[in-house]
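Below: one structure, written as structure tokens.
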Amino acid sequence: MKKEVFFDRPDTCYFMDDAKAIAQYCRERWPEDVSDLIASADNICEKTFLFNLKWDLERTFVPIHFDDLVDWHINPAGDQEFVWAFNRHRFFITLGQAYQFTGDEKYARCFVELADDWMARVPLTEEDKQGPWRSLEAGFRGEYWNKALRYFKDSPAVTEAFLDRFYDNMIVHADYIISCDSPYRYMSNWGVIENHGLFDIALMLPQSEKTRGYAKVALEHLEAQARMQIMEDGMHWEQSPMYHNEVFHCFQDVVILCRRNGLEVPPALLVRLERMAQANRKLARPNDHELMMGDSDDVDVSDRMSEAAYLFMDGQLKPASVKELDYGSIWDLGLTANEEYKKLERKDPQYTSVCMPDSGHVVLRSGWNPDSDMFHLMCGTLGAGHSHGDKLHIDLVMDGEDVLMDAGRFTYVNGEDRRQFKDPSSHNTVTVDGKPFYVYKDSWECSKLAAAVKPHYKKVGNMEYIEAGNLGYMDQKGSVFIRRKVIALAQEIYVLVDEMYTGDAHSYEQYFHFNPEGTVRQAGERQFIYEGSKTKARFAFVSEQVRVEQGRSRLARYYNFAEENDMLVANASGDGFVSMITVISKEALDVQTEKVPVISALKRITYEDRQAEALRLTVGATGAQYVISICHEEVNSPTDLIEVDGCLGYGNVIVFDKNRETLVGTVLDV
């Protein structure tokens, strides 16, 4: 096939609008990134492979090398994910960019040789459908092969004969992807990734009735998948930011190609893509990294947000850290898009805190600066196999520094490591009798699930309230309902109240996993200090029956890479109702916490702790004093008020700022 037939439309119909100009721009703006990429491409030419690109789903840290033929079925560490990641061939794009930076034909020859070798020695067989030809990898190759080829279109190494072989192989890919369609694809990220690859094949091959048919099928499937998989609040149902962003990338690619080829974007797909972008904005930490929730890594999502800001021309999606499209984005969007993006006025979102009622996330923020504070609570549906036992889990950022973190994922290999990282004990949540509320069957499936009572959120002035529940222990002997309440005072002090409702005797465990870059030390009875590079946080365990143990756990910022971190486990037990109250504050505030009795203002009786509890918080740094009343039962009957430390009010959760008022207070829950 002649080149002018294969490449039948100008570059402006694809992703990069001017490869040589983009290469020059990158050399000027990001010389270190360019040098690193060329070094990686040189290694690939020497048949040495390492998966360490930003959005690699399964990173590796030990390179593999082949002296002779590449073994496309190699599994060096017993993790089948390596076989699959290897056969996605994302490294073809690395070769393509190196070719544009240098003009060195060795990169083009390497691409052609590797692609030819793979096409010749890895045909589609039933056996390989669980290996190199797993349908998911076919979808990835639909993107990576076709994007890579555009980098080499002017190289003499790309011959007419090679284009014939390439075309025929992509047709095999397209037909195979269509043949794999099933109801499973409507709910899995697999369906999106596969049909994204199908759409890329359809739009990047020379146009014909066949390719137009592929595009039609892909768009129909993708629209249905978008409607099925994306919740109304914008979160991908699998509850993993890593896969949320992979799906987001796929939809985004489709929108770009539609717009640049004069095709109508399915309305439902476009609406849900924008909602996904908004969800990214809401859930990103102050450093613009995604939450490490579920099977997710510690990845900077500012590129995804900046791409969305361009696509929707929405300045509220534009990250403060990205004044121009970054190295990766500019290859997919082009120089013209970069100029348009730079002109887009950035605006802070009109909200700081937000509740996402469908997915079960609540985020409290002090602002949108990199040194802002952020508190996140998750209590929603499990999602799919990429989700973890994280109901009622919390993340905490103070002064822009992670304090409490999710443990991440580490591996997909079924075994002790996989179970540990998915287990509730690796999350900042509560368990009963040392048992998980999810029971894992293997790496992906559960034999027991747990229903959530999704969060209720309320904001009054500078005070905020979250309440959510976990029904995961209701099916056990002596069933237990766990309710977690969070009272946030000016987003500087967080009162964590865990209520365990039962009629039987149980033990309870609260877990707190800390940023490995900081340290935790004991500072008094049931008091601990986290000290990092930017912040210090005090953890005061108020409930007298609580015993706190300090230990070590593991956190994985990336697949295949884990490190140790500090952990606190608070233990309590009791027959019947038990509460555990923890006050978390910035150490600089010098918050002193005391328990005070709760009294019936009319009956003049003092309530037992199982009925109601109260705290007096004195802030040494400011002189502020807060009194917080928490009713565990409905006690104001027939007509009554709560009296606490000279304050009077009506409600289940009341905060009194004693320097301002002692009557009524701020009622956060009635």
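At 222 nm, what value in deg cm²/dmol follows for the chain if DSSP H runs of at least 4 each add -39500 (n - 2.57) and the sum is divided by all its residues, to the nearest 500?
-10000 deg cm²/dmol, from helical runs alone.
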Next on the checklist: Can you tell me, using C-alpha contacts under 8 Å and at least 6 residues apart, the relative contact order of the range 1-153 as a whole percent?
Outcome noted: 25
Item to check | Accessible surface of residue 473 - all protein chains present, 1.4 Å probe, nearest 10 Å² | outcome: 0
Next on the checklist: Angle check, please: helix 135-151 long axis (alpha carbons) against the longest principal axis of the chain (alpha carbons), in degrees 0 to 90, nearest 10.
Outcome noted: 60
Checklist entry - Once both labels are modelled 7 Å past Cα along the beta-carbon direction, what's the residue 449-residue 11 spacing in nm? => result 4.9
Checklist entry - With every protein chain left in place, what is the accessible area of residue 248 in Å² (1.4 Å probe, nearest 10)? => result 0
Checklist entry - Along the charge dipole of the chain, which of 505, 142, 40 sits closest to the positive end, that is, farthest toward it, with unit charges on the beta carbon of Lys, Arg, Asp and Glu (+1, +1, -1, -1)? => result 505
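In this model, which of 147/210; 485/586; 282/343; 422/534; 106/216; 477/603 are farther than 26 Å apart at the alpha-carbon? Don't skip to the answer; put the middle values down first.
Details: 147/210 20 Å; 485/586 19 Å; 282/343 23 Å; 422/534 29 Å; 106/216 38 Å; 477/603 37 Å.
Too far apart for the 26 Å limit: 422/534; 106/216; 477/603.
When only DSSP loop residues count, what GluC sites (Glu not before Pro) in the range 575-670 have their Cβ near at most 15 other Cβ atoms within 10 Å? Intermediate results must be reported in sequence, preceding the final value.
Details: sites: 587, 594, 608, 613, 633, 634, 643, 661; in loops: 608, 633, 634, 661.
Here the GluC sites (Glu not before Pro) that fit, given the DSSP loop and packing criteria, are 608, 633, 634, 661.
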Checklist entry - When the gyration tensor of the range 317-393 is built from Cα positions, what are the square roots of 5 times its three eigenvalues, in whole Å, from largest to smallest? => result 31, 18, 10
Checklist outcome for this item: Once both label points are put 7 Å beyond Cα along the C-beta direction, the residue 53-residue 261 separation in nm becomes 2.0
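Report the gain in length on full extension from residue 29 to residue 507: 0.36 nm times residue separation, minus Cα-Cα distance, nm rounded to one decimal. Intermediate values should be presented prior to the final figure.
Working: separation 478, 0.36 × 478 = 172.08 nm, distance 5.73 nm.
Stretched fully, the residue 29-residue 507 segment lengthens by 166.3 nm.
Is there a quick way to get the dipole size of the range 66-117? I mean about its Cα centre, with the Cβ of Lys and Arg at +1 and of Asp and Glu at -1; what is the value in debye to the nearest 20? Working shown, then result.
Working: 4 positive and 10 negative charges, 59 e Å.
Roughly 280 debye for the range 66-117.
Might you report the magnitude of the Cβ-based charge dipole of the chain about its Cα centre, with Lys and Arg at +1 and Asp and Glu at -1, to the nearest 20 debye?
Approximately 1080 debye in magnitude.
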Next on the checklist: Once you keep just the Cα pairs under 8 angstrom separated by 6 or more residues, what percentage relative contact order results for the chain?
Outcome noted: 8
Checklist entry - What list of ³J(HN,Hα) values in whole Hz, one per residue of the range 310-317 in order, does the Karplus curve 6.51 cos²θ - 1.76 cosθ + 1.60 (θ = phi - 60°) give from phi, with Gly and Pro shown as x? => result 5, 4, 9, 6, 10, x, 6, 8
Next on the checklist: If I histogram all Cα-Cα distances within the range 518-602 using bins 5 Å wide from 0, what percent of pairs lands in each bin?
Outcome noted: 3, 11, 19, 19, 17, 13, 9, 5, 2, 1, 1, 0, 0
Item to check | Peptides ranked, highest mean first, by Cβ atoms within 10 Å: ranges 278-289, 619-630 | outcome: 278-289, 619-630
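If you filter the range 432-485 for GluC sites (Glu not before Pro), then keep DSSP loop positions with at most 15 other Cβ within 10 Å, what is left?
Working: sites: 445, 464, 467; in loops: 445.
Sparse-neighbourhood loop GluC sites (Glu not before Pro): 445.
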Checklist outcome for this item: Taking every other residue with Cβ under 15 Å from the Cβ of residue 606 and scoring Lys and Arg +1, Asp and Glu -1, one gets -3
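Just to be sure I understand: if I project the alpha-carbon convex hull of the range 24-165 onto a plane and average over all orientations, what area do I get in nm²? Could the numbers behind the result be given before it?
Working: hull surface 34.8 nm².
Its average projected convex-hull area is 8.7 nm².
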Next on the checklist: Along the Cα→Cβ direction, 7 angstrom out, place labels at residue 184 and residue 662. What is the inter-label distance in nm?
Outcome noted: 6.7
Item to check | For the range 447-486, the Rg and Dmax computed from alpha carbons only, in angstrom | outcome: 13.3, 44
Item to check | Estimated FRET transfer efficiency when R0 is 41 angstrom, pair residue 320-residue 479 (beta carbons, to 0.05) | outcome: 0.30
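I'd like the carbon and sulfur percentage of the solvent accessible area for the chain, probe radius 1.4 Å, heavy atoms only, ligands and nucleic acids excluded.
Working: 12100 of 24500 Å².
Of all accessible area on the chain, carbon and sulfur atoms account for 49 percent.
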Checklist entry - Taking the Cα atoms of the range 94-176, what is the range of coordinates along each of the three principal axes, in descending order and whole Å? => result 40, 23, 18
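If you roll a 1.4 Å probe over the heavy atoms of the protein chains, what accessible area per residue do you get for the chain, in Å²?
Details: 24500 Å² over 670 residues.
That works out to 37 Å² per residue.
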Next on the checklist: With unit charges on the beta carbons (Lys and Arg positive, Asp and Glu negative) and the dipole taken about the Cα centre of the chain, which residue among 319, 23, 83 sits farthest to the positive side?
Outcome noted: 319
Checklist outcome for this item: In the range 172-251, the GluC sites (Glu not before Pro) that sit in a DSSP loop and have at most 16 other Cβ atoms within 10 Å of their own Cβ are 232
Item to check | For the range 435-509, alpha-carbon Rg and Dmax in angstrom | outcome: 15.3, 46
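If each residue of separation counts as 0.36 nm, what is the full-extension length gain between residue 571 and residue 439 once their alpha-carbon separation is subtracted?
Details: separation 132, 0.36 × 132 = 47.52 nm, distance 2.15 nm.
Length gained between residue 571 and residue 439: 45.4 nm.
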Checklist outcome for this item: dims of the range 570-669, Cα set, principal axes, largest to smallest, nearest Å -> 42, 36, 21
Checklist outcome for this item: Expressed in Å to one decimal, the Kirkwood Rh of the chain from all distinct alpha-carbon pairs is 26.9
Checklist entry - Give or take rounding to whole Å, what are the principal axis extents of the alpha carbon atoms in the range 265-393, in descending order? => result 44, 36, 25
Checklist entry - So how tilted is helix 105-121 from the main axis of the chain? Cα-based, degrees 0 to 90, rounded to 10. => result 90
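The values are calculated or read from the model by the stated rules, or taken from the named source; none is laboratory data. Just so we're clear, the structure is a prediction, and the values are computed from it rather than from any experiment. FYI the Cβ positions are ideal-geometry reconstructions off the backbone, even for glycines, and counts take in every protein chain you see. Surface accessibility is based on the protein's heavy atoms, side chains included, excluding ligands, DNA and RNA. Shrake-Rupley method; radii C 1.70, N 1.55, O 1.52, S 1.80 Å.
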